[in-house]
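J.: One structure follows; several queries about it will come next.
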Amino acid sequence: MTQDILREIIDYSNRADPYPLYEELRKTPVFHNGNGGPYVVSTYYEIQSLLHDPRISSDAKNLKAAGDDPLGQSEEEGTTLPPSFLKLDPPDHDRLRRMTNRPFGPPHAPHRVHDMLGELGGLVSGLIEGIATTGNLDRIDLVDQFAYPFPVSVICRLLGVPREDEPRFHVWAEALAASLDPDPDADPAQHGKGAMDARMELGMYLAGLIEERRKNPGDDMLSQLATADGPDGSMTTMEVLSTSALLLIAGHETTVNLITNGMLTLLRHPEVLQRLREDPSLSVPIVEELLRYEPPVQLLPQRSTLSEIEVAGVTIPKGASLWLILASGNRDPKRFENPDRFDPDRGDIQHLGLGSGIHSCFGAPLARQEAQLALSELARRLENPRLLEDPPPYRKNAVLRGPRHLPVACDAIRP
């Protein structure tokens, strides 16, 4: 194995198919290049164990000098918001996550996601109708025309953003998404300015909306975050802002990639696409296999060790940077038979696509429902869909991996 394999994984030229590099990486379950860079864990059982290990931190304060960091970027640069619970450790993480979960899911709000199904269906239908009305079915960009706008609208409805303000969220989400993709050719200051402006505008807008909901609360999630006063107390305005921004950014980016990777995979496997067209219930196992086969989050780079630990015979020092390559673990032949085969009939899909442990994906129930509905409706309504570019152009981001555009054509759009 070369010492530069991490840079090969990050290299954009390998974005369309990083899996051979992951296969090479798994030959050394814990890889370290010896230049002060991260310790990289790539095998299923070791990743699963570390995701549940209390000696692993998500708080950047516990990371010593990162040394040779191939990513070389900071998502939080330029923001004045406090860290979201995604980047905190217990007990602060547990308190904020519990408070956020109360209005979102079981046991306190078991119907929140389920009751959105009708609204999600309306959004999907509207976007597909929008594609039909353009009249140009010879070149459809499923990212720009479907997968990108859909999750933003969902998050807006979840938070209770007024319909007339939704277009503003689309602009902010696009600017924040662009900031997550490294661009070595761009001026660093200019590259980050759009994201800083978007964060500032988003923060000011949400602050005003939070104040309004405290005076006139509704049944939306933002109202409940802003006014709740339960066993863990109440959130500060800054904590509500940080949590709302997390829901927008994390809830949007991962779902876009899940839907887009899903359609790309189905178009490459037309026999599965035909089965889904005939049986929409197949969307449930298809999405689970997609989370294993083409996960929207490829790796978790923001981890560190709170004490010296031993993993697969390698001693990792306290404060070391730790990368967990989820997508590699999902293709580990020691865990999954024929791991490079897309098989929605696969049993026992205990994948790492949504993480695991205390930081498992908070929005997993909603992301699953969005992807199942989106893929089943696209399969049903697009007649004879076909890829125009394979591989399509990918985003530059190696962490949140997915096509930036997905050009397809179809013969007609069914009612």
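J.: Count charges around Thr305 for me, please; just the other residues with Cβ under 10 Å from its Cβ, Lys/Arg as +1, Asp/Glu as -1. Please report the intermediate quantities before stating the final value.
T.: Values: positive: Arg55, Lys64, Arg303, Lys318; negative: Asp53, Glu308.
Counting the neighbours of Thr305, the net charge comes to +2.
J.: For the residue pair Arg55 and Asp232, what label-to-label distance in nm results when each label sits 7 Å from Cα along the Cα-to-beta-carbon direction?
T.: My value for the distance between the label points is 2.7 nm.
J.: How charged is the neighbourhood of His108? Take every other residue with its Cβ under 11 Å from the Cβ of His108, and add Lys/Arg as +1 and Asp/Glu as -1.
T.: Neighbourhood net charge equals +3.
J.: If you take the charge dipole of the chain about its Cα centre, with +1 on Lys and Arg Cβ and -1 on Asp and Glu Cβ, which of Pro385, Asn136, Ser153 is farthest toward its positive end?
T.: Result: Ser153, furthest along the dipole toward the positive end.
J.: Still on this structure, please answer the following. If a/c stays under 1.5 just call it rounded; otherwise compare a/b with b/c (prolate if a/b is bigger, oblate if not). Do that for the stretch 356-415, with a ≥ b ≥ c from the square roots of the Cα gyration tensor eigenvalues.
T.: Because a/c hits 1.5 or more and a/b fails to exceed b/c, the stretch 356-415 counts as oblate.
J.: A further question on this structure: Give the peptides 44-50, 86-92 in descending order of average Cβ contacts within 10 Å, highest first. Intermediate values should be presented prior to the final figure.
T.: Details: 44-50: 19.1, 86-92: 15.9.
Top of the packing list down: 44-50, 86-92.
J.: Excluding residues fewer than 8 places away in the same chain, name every one of the lysines whose C-alpha is closer than 20 Å to that of Lys334.
T.: Lys334 reaches Lys27.
J.: Using 0.36 nm per residue of separation minus the Cα-Cα distance, give me the extension gain between Ala207 and Lys64 in nm, one decimal.
T.: Values: separation 143, 0.36 × 143 = 51.48 nm, distance 3.39 nm.
Gain in length upon complete extension: 48.1 nm.
J.: Let me ask you something else. Shape verdict for the stretch 44-177, please, from the Cα gyration tensor: rounded (a/c under 1.5), prolate (a/b greater than b/c) or oblate.
T.: Because a/c hits 1.5 or more and a/b exceeds b/c, the stretch 44-177 counts as prolate.
J.: Specify whether the C-alpha gyration tensor of the stretch 222-373 places it in the rounded, prolate or oblate class, a ≥ b ≥ c being the square roots of the eigenvalues: rounded for a/c under 1.5, otherwise prolate if a/b is larger than b/c and oblate if not.
T.: oblate
J.: Still on this model: List the residues, sorted by chain then number, that are 5 or more residues from Tyr394 or on another chain and whose placed amide H is less than 5 Å from its amide H.
T.: Residues meeting the criterion, in which the H sits 1.01 Å from N, are Arg404.
J.: Counting only complete DSSP H runs, which helices of the chain cover 20 Å or more along their long axis at the Cα atoms and score a mean Kyte-Doolittle of -0.5 or above?
T.: 117-134, 166-180, 237-268, 364-381
J.: A further question on this structure: Along Cα→Cβ, 7 Å out, is where each label goes; now give me the distance between the ones at Val314 and Arg139 in nm to one decimal.
T.: 4.5 nm
J.: Averaged per residue, what accessible surface does the chain expose to a 1.4 Å probe, in Å²? Spell out each step's value before the answer.
T.: Numbers: 17810 Å² over 415 residues.
It amounts to 43 Å² per residue over the chain.
J.: Give me the aspartates and glutamates in straight-line cross-link reach of Lys64: C-alpha distance below 20 Å, same-chain residues under 8 apart excluded.
T.: Asp53, Glu75, Glu76, Glu77, Asp89, Glu308, Glu310
J.: Let me ask another. For the stretch 190-293, give the magnitude of the charge dipole about the Cα centre (Cβ charges: +1 Lys/Arg, -1 Asp/Glu; no others), in debye to the nearest 20.
T.: Around 300 debye, computed over the stretch 190-293.
J.: While we're on this one: Can you give the charge dipole size of the stretch 131-170 about its Cα centre, rounded to the nearest 20 debye, using +1 on the beta carbon of Lys and Arg and -1 on the beta carbon of Asp and Glu?
T.: Using Cβ point charges on Lys, Arg, Asp and Glu, the stretch 131-170 gives about 120 debye.
J.: Something else now. Any chance you could look up the accessible area of Met196 with a 1.4 Å probe, heavy atoms only, rounded to 10 Å²?
T.: 80 Å²
J.: Rounded to the nearest 20 Debye, what is the dipole magnitude of the chain about its Cα centre when Lys and Arg each give +1 and Asp and Glu each give -1 at the C-beta?
T.: On the way: 42 positive and 61 negative charges, 121 e Å.
In debye, rounded to 20, the chain gives about 580.
J.: Do the sum for the chain: with -39,500 (n - 2.57) for every DSSP H run of n ≥ 4, divided by all residues, what is the mean residue ellipticity at 222 nm, to the nearest 500 deg cm²/dmol?
T.: Helix contribution divided over all residues of the chain: -14000 deg cm²/dmol.
J.: Past 20 Å, Cα to Cα, is the threshold; run Lys61/Lys87; Lys61/Lys396; Lys193/Lys396; Lys318/Lys396 against it and keep the listed order.
T.: The answer is Lys61/Lys396; Lys318/Lys396.
The values are calculated or read from the model by the stated rules, or taken from the named source; none is laboratory data. Please read all numbers here as calculations on a predicted model, not as lab measurements. With ideal geometry, Cβ positions are generated from the backbone for all residues, glycine too; neighbour counts draw on all protein chains shown. These accessible areas exclude ligands, DNA and RNA; they are computed on the full protein's heavy atoms, side chains included. Shrake-Rupley method; radii C 1.70, N 1.55, O 1.52, S 1.80 Å.
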